[in-house]
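Worksheet: the structure to be examined is printed underneath.
Computed from the coordinates by the stated procedures, all read-outs in this text should not be read as laboratory data. Please read these numbers as outputs of a predicted model, since none were measured by experiment. All Cβ positions, glycine included, derive from the backbone under ideal geometry; neighbour counts span all protein chains shown.
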Amino acid sequence: MSSPYSRYRRRPFSWLIFFLSSLATISLFLIPAFIIYPFRHQSGGGLAFAMALRQRAPWGTLGGLLICIVFALVLWQPDNLRRKIVLSTFLFLVAASAVMSRLNYFEWMFHPVDSPQFEAESASKLNPGEMIMAVAFPSDDRAYPISQMAYHHILNDVVGGMPIAVTY
């Protein structure tokens, strides 16, 4: 009678390929997501590496997903629940990485302000030392706190009757 692990012993190469391709595919999504992170220091070399991975990730994750599906079918055993859970979990993470590599998830971090609200300088609760960005037109002046712009990065406004986009 064969032990439940005899098939594993006969297919270590299949497990190795499955896990390595899973790890590589998930890394194609996660590495750029962690390196290209707003409001943190990013080295030039690290950013170039992350951008190169991000550019290749849509095709790389698709190829990795196909490889993982093929090897999951080879390794699948209908009577082994633990194996099915492991394979399904990794396939889910690989598929999620393939989807996420096709989305611009960095845009989710920033929400443009389309209808800003302003108050008079005397009513403002800004600290005297707080940095601002200023726009001056002959008929109107506006100040945008850097602390708010750092989160939103873009603000659509109308100053002196002219539509503007303020970015930081």
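Key figures
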read-out	value
MET162-PHE92 FRET efficiency (beta carbon distance; Förster radius 41 Å; 0.05 resolution)	0.25
Gain in span if fully extended, VAL99 to ILE69, counting 0.36 nm per residue against the direct Cα distance	9.3 nm
Antiparallel DSSP beta bridges within the stretch 82-168, percent to nearest 5	90
Per-residue [θ]222 nm for the chain (sum of -39500 (n - 2.57) over DSSP H runs n ≥ 4, rounded to 500)	-17500 deg cm²/dmol
Net lengthening on full extension, HIS41/GLN117 (0.36 nm per residue, minus Cα-Cα)	24.2 nm
Cα-based helix-to-principal-axis angle, 12-35 vs the chain, degrees rounded to 10	0
Ratio Rg/Rh [Cα only; Rh per Kirkwood] for the stretch 6-108	1.08
The chain: most fluctuating residue of ILE36, ILE17, ILE85 per GNM, C-alpha cutoff 10 Å	ILE85
